[in-house]
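The values are calculated or read from the model by the stated rules, or taken from the named source; none is laboratory data. Since the structure is predicted, the reported quantities are computational estimates derived from the model, not experimental observations. Here the Cβ positions follow ideal geometry from the backbone for every residue, glycine too, while neighbour counts run over all protein chains shown. With ligands, DNA and RNA removed, areas are computed over all heavy atoms of the protein, side chains included. Shrake-Rupley method; radii C 1.70, N 1.55, O 1.52, S 1.80 Å.
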Amino acid sequence: MIKDKYIFVSKTGDNWANVCIREGKFKDVIYNYGKVSVNSEQENADGTLPFRFEYSIIDNATLKREEFGEEFFTLIGDILVDIIDDQFKEDNFEYITDN
């Protein structure tokens with residue numbers, strides 16, 4: 001279950017919580033998300049909407065930069081989908097447009 005793979009963490013003075021991966025190759029990596037956007041004009045082949053997101057690694061847990069490839073990107077994408085899904089369920093979502 002994806003919820004078991006991460007927790008939210010923060011330190012004094014942080015405005016937003018960061019995400020800490022709890023298991024696997026990326027255990028103890030801490031990162032946060034930046035801008036998230038959805039392309040509502042083009043669907044994926046499976047009918048879902050493609051989205052893009054920015055992220056920053058706060059603590060690399062001694063992993064080298066080259067170890068953060070497609071596997072990491074897929075994992076944090078799955079975590080982001082879970083977080084967004086929770087926000088929709090709680091009706092706790094803020095919409096921002098670039099108009």
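Points to keep in mind about this one:
- Taking the numbered list (1) in contact with a helix residue (DSSP H, G or I) (Cβ under 9 Å, 6 or more places away or on another chain); (2) of a type in the set (Asp, Glu); (3) open to solvent by 70 Å² or more (accessible area, probe 1.4 Å) in turn, residue 4 passes all entries but (1).
- Within the range 56-92, the set of residues being outside any helix (DSSP H, G or I), among the hydroxyl-bearing types (Ser, Thr, Tyr) and open to solvent by less than 80 Å² (accessible area, probe 1.4 Å) comprises 56 only.
- Tally of residues being touching a Phe, Trp or Tyr at 6+ places or on another chain (Cβ under 9 Å), hydroxyl-bearing (Ser, Thr, Tyr) and in a strand (DSSP E or B) across the range 1-37: 3
- The residue that is farthest from residue 4 (Cα to Cα), among those in the range 19-49 that are acidic (Asp, Glu) and free of Cβ contacts under 8 Å to residues at least 24 places away in the same chain, is 41.
- Exactly one residue out of 17, 45 is of a type in the set (A, V, I, L, M) and open to solvent by 70 Å² or more (accessible area, probe 1.4 Å), and it is 45.
- Cβ-Cβ under 6 Å pairs, at least 6 apart or on other chains, the range 82-94 side within 18 Å of residue 19 (Cα to Cα), far side exposed (fewer than 12 other Cβ atoms within 10 Å of the Cβ) and at pLDDT below 80: 87/93
- The residues in the range 20-42 that are surrounded by 10 or more Cβ atoms within 10 Å (Cβ to Cβ) and of a type in the set (Gly, Ala, Ser) can be counted, and the count is 2.
- Residue pairs whose Cβ atoms lie under 8 Å apart, separated by 6 or more positions or on different chains, with the first residue in the range 50-76 and in contact (Cβ under 8 Å) with a residue 60 or more places away in the chain and the second surrounded by 14 or more Cβ atoms within 10 Å (Cβ to Cβ) and not in a loop (DSSP other than H, G, I, E, B), are 75/5; 75/21.
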